[in-house]
Every structure is written in structure tokens, then in C-alpha cells.
Amino acid sequence: MRNLEDVDHAHRLLLGAVLPLLLPPLGSAAVPRPRLRGVVRVDEKRSRVVLTDDSAMASGVAFEVSHEALHPDAGSSFEVDQVLAHLRSISIEDIDRLKRDEALPRDVHGNRVVTLAGEGLAAPASRISSEQELLTVFQLMQRGPILPSVKDVFWFTGFMLRADESCRIYVSLADNGTSYGLDVPLQRAGGRSIAGMAASFELELTMKLGNDGELYEPITDRDDEYCAVAYDLESWLNPPES
């Protein structure tokens with residue numbers, strides 16, 4: 001981690017990915033799950049995500065990750081996805097066991113501190129979910145770093161999940177209101193992230209649409225009632241691995 005800007009970016013990646021854990025999934029009110037108690041930056045090298053089984057929010061378990069792991073020099077956010085996949089797999093029983101572990105240190109808020117490293121990051125207990133990938137898309141399209149040049153070209157107007165584990169994103173051209181569907185894959189085989197769904201996605205899409213308002217990608221649908229035409233972005237976002 002070379003400078004403070006990289007540190008801030010690494011922590012923001014984690015913060016943005018974890019915040020939705022505040023809300024339980026639809027229909028899961030009766031399923032006991034750990035709750036998100038907090039997300040904090042310890043220093044220029046570490047951040048912590050705190051989960052709890054305590055309704056009073058008086059104690060919990062702080063899972064610590066390094067900023068180097070979150071944001072390597074290559075600029076990938078895949079490690080953030082791995083951290084989130086790991087946190088989503090943690091059960092109430094895991095939290096209770098870790099809270100009782102006297103060998104673990106506590107922070108000033110009564111949280112046991114566990115360092116996620118090695119297997120904790122390299123081998124999450126579950127594959128990255130399509131919902132998690134969809135969240136990444138939403139953050140990029142709706143709440144990401146929106147540049148004025150982006151909104152001069154298109155607006156994000158909606159989405160529809162599809163049976164092939166892809167998502168059709170709907171955008172509307174700013175100059176004439178034409179709506180396009182963009183079919184994006186949510187993950188590679190085996191649950192790995194799509195490299196093209198990175199922080200530059202919006203800007204790159206703006207450059208593609210900004211030339212003449214058309215995408216030179218394969219057309220997949222002309223009969224979608226929610227758009228004029230739908231394009232397949234699979235080959236653009238998920239090129240064959242060499």
C-alpha cells in the first residue's frame with residue numbers, strides 16, 4: 001500500500017461491500033443470523049468488520065483484514081468479494097464460539113478481534129453469490145463515483161435477473177431517452193468474479209455509448225418491452241482466459 005489514497009480506496013471498497021449486511025434478506029426474519037455491528041479503519045494497514053449475536057450491541061467479533069489484501073497493486077477488488085463471502089458464511093454459533101475464546105484480544109467496544117489471513121481469505125466457505133455480484137453492479141451504476149461525463153451520456157434505470165445467472169441492466173440515453181438492455185454475466189464458472197466489473201465500468205461504458213449512442217456488441221433481444229434492444233456484454237466483460 002503505497003499512499004493514503006490507496007488506503008482510503010481499500011477501506012471504501014470494504015465499507016461499500018459490507019454495508020448492505022445491515023439489512024436481512026427478504027423472508028429471513030425467522031432465521032437467526034449474525035448482525036453487522038460496525039465497520040472501522042484501525043490504521044493505514046488494517047480495517048475491521050464487526051459481527052454480533054448481541055441484540056444490545058454491547059459485544060461482537062471484529063474480523064480484521066489488511067488493506068494490502070483488500071486492494072493489491074493490480075487494483076482488483078476480488079479480495080473484497082472473498083472477504084464478504086467469508087463473512088456471509090459465519091453463523092451465530094461461530095460468533096458465540098469466538099466471543100468465548102479468551103485467547104483472542106478485545107477492542108475498546110468489547111469485540112473479540114480475529115485476523116482474517118491465509119485460508120480466511122484464500123478459501124472462503126462459500127462461492128461468491130450472484131446477489132453479491134449484482135450488488136457490485138448496483139454500486140457502480142447507482143452509487144459509485146458518478147462523473148459528469150457519465151450522466152451526459154446515460155442513466156441507470158433498472159435491472160432484471162435472468163435464468164442464466166446474468167443480469168440485464170437497463171440504461172437510458174441522456175440525449176434522446178432511448179433505453180438499452182445490457183446483458184452482463186454475474187460471475188465466472190466456479191464463482192469467481194468478473195474482471196470487467198471494476199470501478200472503471202461506468203466510464204468505459206460511457207466511452208462505448210458516447211460515440212454514436214450504439215453498442216457494437218451482439219444483439220440478444222429486440223422484443224424486451226423495457227428497452228429498444230438488448231446487447232450481450234459477455235465477451236467484453238468476460239473474455240476467454242488464455
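Taking amide hydrogens as placed 1.01 Å from N in the peptide plane, the amide H of residue 221 sits under 5 Å from those of 230, each at least 5 positions away in sequence or on another chain. Between residue 57 and residue 138, what FRET efficiency follows from the Cβ-Cβ distance if R0 is 35 Å, with the result rounded to 0.05? Given R0 = 35 Å and the Cβ-Cβ separation, E is 0.80. Taking other C-beta atoms within 10 angstrom as a stand-in for reagent exposure, 95, 90, 219, 169 fall in the order 219, 90, 95, 169, fewest first. Residues in the stretch 152-158 carry Karplus couplings, in order, of 6, 10, 8, 10, 6, 10, x Hz; the curve used is 6.51 cos²θ - 1.76 cosθ + 1.60 with θ = phi - 60°, and Gly or Pro positions show x. A Förster radius of 41 Å, combined with the Cβ-Cβ distance separating residue 221 from residue 31, puts the computed FRET efficiency at roughly 0.65.
Taking the number of Cβ atoms within 10 Å of each Cβ as an exposure proxy, the fewest-first ranking of 52, 157 is 157, 52.
All of the numbers you see were taken from the coordinates with simple rules; none came from a lab. Small disclaimer: the values here were computed from a predicted structure and weren't measured. In this analysis, Cβ positions are derived from the backbone assuming ideal geometry, glycine residues included, and neighbour counts consider all displayed protein chains.
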